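Have a look at the structure below, then the notes.
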Amino acid sequence: MERLFSTHDIRPLQELDGLWTVTLDGAGDGAGDPPVDTLAGGRTVRVLVPSCVESIPGAETFRGVARYERTFDAGSLEGSHDDERYLRVACKGVSHMADVSVDGTPVAHHEDAFTAFDGLIEHRPGPRTITIDADNRFSERSALHRENDYYSYGGVTRPVLAELVPERYVDWIHVTPIRQDGAWRARVEVRVASCRERLGTGEPGTVDGIVLRLDGRDVRTLTAADATEDPLVYRCVLDVPDAVPWTPDAPHLTYVQAVLVQDGSEVDDLIDRFGFRDVRVEGDTVLLNDEPIRFVGFNRHEDDPVFGCALPVEAMMRDLNILRDLGATSVRTSHYPNDERFLDLCDELGLLVWEEAHARGPEDEHNPRFLGQSLTSLTEMVTQHFNHPSIYTWGILNEYESNTEYGRSIYVSMYERLRELDPSRPTTSATCNFPTDICLDLPDIVSVNVYPLWYRAAGVAEYMGEVLDFVRSSPGGGKPLIVSEIGAGAIPGFRDTRRPKWSEERQADILSEQLGHVCGLEEVTGVYIWQFADCRVTEGLFRERPRTRNNKGVVDEYRRPKLAYETVRQAFDSYRRRHAIPAARARD
Ligand code: ADA
């Protein structure tokens, strides 16, 4: 399932989820993981797409190139018999370097595991063979994927689609809701791409215009007078007098469709959803539709002991139900853009999302590719996820070098790009540099990762006091403040009433003290526990990682609750009661 709704009425498409063959060529990662023996040297197996290479028996620690192949009947895509049609292969996520070809012709190269990309080739009916080389090796070529405190899996980990597009097709729609004097308007932008231009085979074809529909009703036809060329983007502002707002308590979604008209016929379309809501920062407060918001929630990795990072939508919903049972009202997609179906679910459930661009700093050495690849990941994330109303903030550069001039230059470039891409949402980045951070002037929301009683011996009040004093006296003073990480580890099943480090008792004690303090701080807008579920990490890199997992989950990797589950549930309940935030779980 590509999304939670149909993205096209007109464009023919086929989801290529299903059985593919994969040939593995790997040699271990040299970073402590043992080499892959059984599958090195080119054994071919059949796997479901999407999934992770690591789910294949014998390939649990695979690092190398996995060659995926599948033949499908492109004739089944015929929706019209126009002469000039193109096959568009859309990959929602390949981990982490990808090369895609059709019948041996290269159509796409992509360099990040967590954003979508596509490739084009002229269409012809009949069998077509798609090959995807998914390379998950760590190397200089990929600055963002490396040994980490989460696991970089391999494979075709998100859905793949085959679509039939005309020469000119709808690339994306962006809707920005605008609230003025109690009435709603929508700024709509529609980007139209040209296959000829992308393939370098000729001048772009003409377009008559774009018909815009909201919830199935025609609302406007856009013509050349509404467009700017290079790239071709149609723009307008719609008055929507009957708009139903989106709020966490009543997450109403509105469907938008852009239909491309050429020679009098509707030849292509794209459907997306958005919500009538605006988010802004005023002083130290975050406002959603003019109401101050506060939230409690979790950092979550896309990680599962069975599925790796390729969680099926059922497992995403399982996680969301547990999060809501815990009383969470928000989730942070640490440390990369998430599968869009997870965001679709958050939109529907009214869970607020901090979506984070891919990067978990600091770098040991400065890879010259870091900034370019970070900017690309950021641009793709914002372009692709622009319409999700659940995303209230974009996050960048978790714990990166916010304490050096070099680091600051990276933050400046990233914030500049982010504000160009989406001036409508507040921005943030999680820092752990106290008291040396020199970048707190840059974000709209200041976010701090703090681990009192775990990495810091100091008591919670004492340590938080130091952090808050520093923030107040910095250019970040007076901005909204989020505790973006707080937590402690426990090895699941290790119970000991003497409460030693790593026992479930100790984790529950620490979380109780941490939350007891930070949830009571008036100036703290939101709190995210590190983390939701235990997740796999790279072997060898982290000394303090029993079981080769980050064990700070409140549930273990199988989502079995640890002792701290009830502690957190109670702390979140009393926080929500104090601030009159209804429980998400009460809404179903
Ligand atoms: C950091 C980091 C997380 C995780 C955490 C921890 O703050 O942002 O990814 O590594 O620490 O468990 O130590």
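The values are calculated or read from the model by the stated rules, or taken from the named source; none is laboratory data. Source: prediction; values computed, not measured. Neighbour counts are summed over all protein chains in view; Cβ atoms, including those assigned to glycine, are modelled from backbone coordinates with ideal geometry.
Mind checking which residues of segment 80-138 are of a type in the set (Asp, Glu) and under 22 Å from the mean Cα position of the chain (by Cα)? Even if it seems obvious, please write down each step before you answer.
Keep residues of segment 80-138 that are of a type in the set (Asp, Glu), which gives 82-84, 99, 103, 111-112, 118, 122, 133, 135.
Across segment 80-138, the qualifying residues are Asp99, Glu111, Asp112, Asp118, Asp135.
So which of Ile482, Ile438, Ile410 ends up being in a helix (DSSP H, G or I), among the aliphatic types (A, V, I, L, M) and either more than 15 Å from the ligand (Cβ to nearest atom) or in contact (Cβ under 8 Å) with a residue 24 or more places away in the chain (or both)? Walk me through it before giving the result.
Details: Ile482 fails: in a helix (DSSP H, G or I); Ile438 fails: in a helix (DSSP H, G or I).
Exactly one of Ile482, Ile438, Ile410 is in a helix (DSSP H, G or I), among the aliphatic types (A, V, I, L, M) and either more than 15 Å from the ligand (Cβ to nearest atom) or in contact (Cβ under 8 Å) with a residue 24 or more places away in the chain (or both), namely Ile410.
Tally up the residues in segment 393-407 that are more than 16 Å from the ligand (Cβ to nearest atom) and surrounded by fewer than 24 Cβ atoms within 10 Å (Cβ to Cβ), please.
3
Restricting attention to segment 441-461, and to residues there that are over 16 Å from Lys479 (Cβ atoms) and within 12 Å of the ligand (Cβ to nearest atom), which single residue is nearest to the chain's Cα centre (by Cα)? Please lay out each step first, then the result.
Just the residues of segment 441-461 that are over 16 Å from Lys479 (Cβ atoms), to begin with: 449-461.
Remaining after also requiring within 12 Å of the ligand (Cβ to nearest atom): 449-451, 454-456.
Working: Asn449: 19, Val450: 23, Tyr451: 24, Trp454: 28, Tyr455: 28, Arg456: 30 Å.
The selected residue is Asn449.
Restricting attention to segment 149-173, report how many residues are within 16 Å of the ligand (Cβ to nearest atom), touching a Lys or Arg at 6+ places or on another chain (Cβ under 6 Å) and charged (D, E, K, R).
0
Taking only pairs six or more apart or across chains, which ones have beta-carbon atoms under 8 Å, a first residue in segment 458-473 that is modelled with pLDDT under 95, and a second residue that is of a type outside the set (D, E, K, R)?
Note: pairs meeting the criteria are Ala458/Pro452; Gly459/Pro452; Gly459/Leu453.
Table: residues versus (1) under 30 Å from Asp444 (Cβ atoms); (2) over 27 Å from the mean Cα position of the chain (by Cα); (3) within 15 Å of the ligand (Cβ to nearest atom); (4) not assigned by TED's automatic domain parsing to the domain that holds Arg324.
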| position | (1), (2), (3), (4) |
| --- | --- |
| Ala488 | yes, no, yes, no |
| Asp496 | no, yes, no, no |
| Asp509 | no, yes, no, no |
| His517 | yes, yes, no, no |
| Glu523 | yes, yes, no, no |
| Asp534 | no, no, yes, no |
| Glu557 | no, no, yes, no |
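When segment 432-461 is examined, which residues are found to be out of contact with any strand residue (DSSP E or B) (no Cβ under 8 Å at 6 or more places or on another chain) and over 24 Å from Gly297 (Cβ atoms)?
Pro435, Thr436, Ile438, Asp441, Ala457
Exactly one of (1) closer than 30 Å to Val219 by Cα; (2) modelled with pLDDT of 95 or more is unmet by Gly264. Its number?
(2)
Would you confirm whether any residue within segment 277-292 is under 26 Å from Val446 (Cα atoms), part of a strand (DSSP E or B), within 16 Å of the ligand (Cβ to nearest atom) and modelled with pLDDT of 95 or more?
Step one: filter segment 277-292 for residues under 26 Å from Val446 (Cα atoms), giving 277-292.
From the residues that got through so far, the ones that are part of a strand (DSSP E or B) too are 279-282, 285-288, 291-292.
This time we only want the ones that are within 16 Å of the ligand (Cβ to nearest atom), so: none.
Within segment 277-292, none of the residues are under 26 Å from Val446 (Cα atoms), part of a strand (DSSP E or B), within 16 Å of the ligand (Cβ to nearest atom) and modelled with pLDDT of 95 or more.
Checking the condition part of a helix (DSSP H, G or I) and surrounded by fewer than 20 Cβ atoms within 10 Å (Cβ to Cβ), which residue from Arg198, Arg235 passes?
Sole residue among the options that is part of a helix (DSSP H, G or I) and surrounded by fewer than 20 Cβ atoms within 10 Å (Cβ to Cβ): Arg198.
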